[in-house]
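Right, one structure below, let's go through it.
Just so it is clear, none of the values below were taken in a lab; they were calculated from the coordinates. In this text, all values refer to a predicted model and were calculated from it rather than measured experimentally. Cβ: placed from backbone, ideal geometry, glycine included. Neighbour counts: every protein chain shown.
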Amino acid sequence: MNEAATEPEIEFLCDPALLGTIPAPDRAIRFAPDWFKRLPRELGVPDAHGLPGLTAKACLPMTDAFALGYIIPLPFEVRIMVPEDRVHIQLGWAPDAPFAPVEQHLPSQIGAPEPPFEQIMPLKFINPWRIRVPQGYSVLFSTPFSRVDLPFTCFTGFVDCDRFDTTVNLPFAWTGPAGDFHLPAGLPIAQLLPVRRDTLLKESTARASSDAELAEQAAAADRKYHEESTYARAWRVKK
């Protein structure tokens, strides 16, 4: 009898001395932001088409994006002191921290101070987690999706983690205001999406729609704006 096929798995590996002492990566949905959790689903007034007015809480594409992949959390509290020039940033953390959680890059590595980096000091989160994925998989690293509440933006990266046998650090730019900030341990700092490289579409075309395609699009738009929950009932594939 053949053994049941196992599901592809992502693994997060850390120094044994760190395990249990720092927040571990987890499924992204568990880090959904408080502003999204607080939103009601309905506005309490009808929209322009007479249907119940809805908030972003009812937007399934946004909800699904919050749930995609995994989150790497900040390992422990970091203090970031940002002056008005936004360049001479100072960093701090507990003296007994086992490693520096944030480091500085050379500004010239991103072309600073040339536009658009006139007031940017490139920094990087030091990620203690090595990521292992099955052969053929890469990992997209990004700022956590739709997290406009976060005061930083990560530079997006796409890493062949099936071949890269060490940790991936997370370059970022401070996009919040000047001031003295304490980033708490567990704060989401990057969203990870494992991708099978052989599923990436490599060909594309841009063309005019046919009459049949225009009619199809118009019918879908009519359903979108005149029926309740059409996306959930007819178009969304349950994850």
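General remarks:
- Radius of gyration, Dmax [the stretch 132-239; alpha carbons; angstrom]: 20.3, 58
- Computed helical MRE - 222 nm, the chain, DSSP H runs ≥ 4 contributing -39500 (n - 2.57), nearest 500: -3500 deg cm²/dmol
- Pairs exceeding 26 Å between alpha-carbon atoms, taken from Lys57/Lys202; Lys37/Lys238; Lys57/Lys238: Lys57/Lys202.
- With respect to the chain, whose longest principal axis is taken over its alpha-carbon atoms, helix 211-226 is tilted by about 80°.
- Highest to lowest packing among 216-223, 54-61, scored as the average C-beta count within 10 Å: 54-61, 216-223
- 5 Å-binned pair-distance histogram of the stretch 88-137 (Cα, whole percent): 5, 16, 18, 16, 13, 12, 12, 7, 1
- When Rg and Dmax are taken over the Cα atoms of the stretch 184-237, they come to 18.6, 55 Å.
- Shape metrics for the stretch 27-181, restricted to C-alpha atoms - Rg then Dmax, Å: 18.9, 59
- Overall form of the stretch 17-71 per C-alpha gyration tensor (a/c, 1.5; a/b vs b/c): prolate
- 5 Å-binned pair-distance histogram of the stretch 115-186 (Cα, whole percent): 3, 13, 20, 23, 17, 11, 8, 3, 1
- Given charges at beta-carbon only (K, R positive; D, E negative), |dipole| of the chain in Debye: 400 debye
- Summarising the amide proton neighbourhood of Phe76: residues at separation of 5 or more, or on other chains, whose placed amide H is nearer than 5 Å comprise Gly186.
- Sequence-separation-based contact order of the chain, relative, with Cα cut under 8 Å and 6+ spacing, percent: 23 percent
- Couplings for the stretch 92-105, taken from phi via the Karplus curve 6.51 cos²θ - 1.76 cosθ + 1.60 with θ = phi - 60°, read x, 7, 4, x, 9, 4, x, 7, 6, x, 9, 10, 9, 8 Hz in order; Gly and Pro are left as x.
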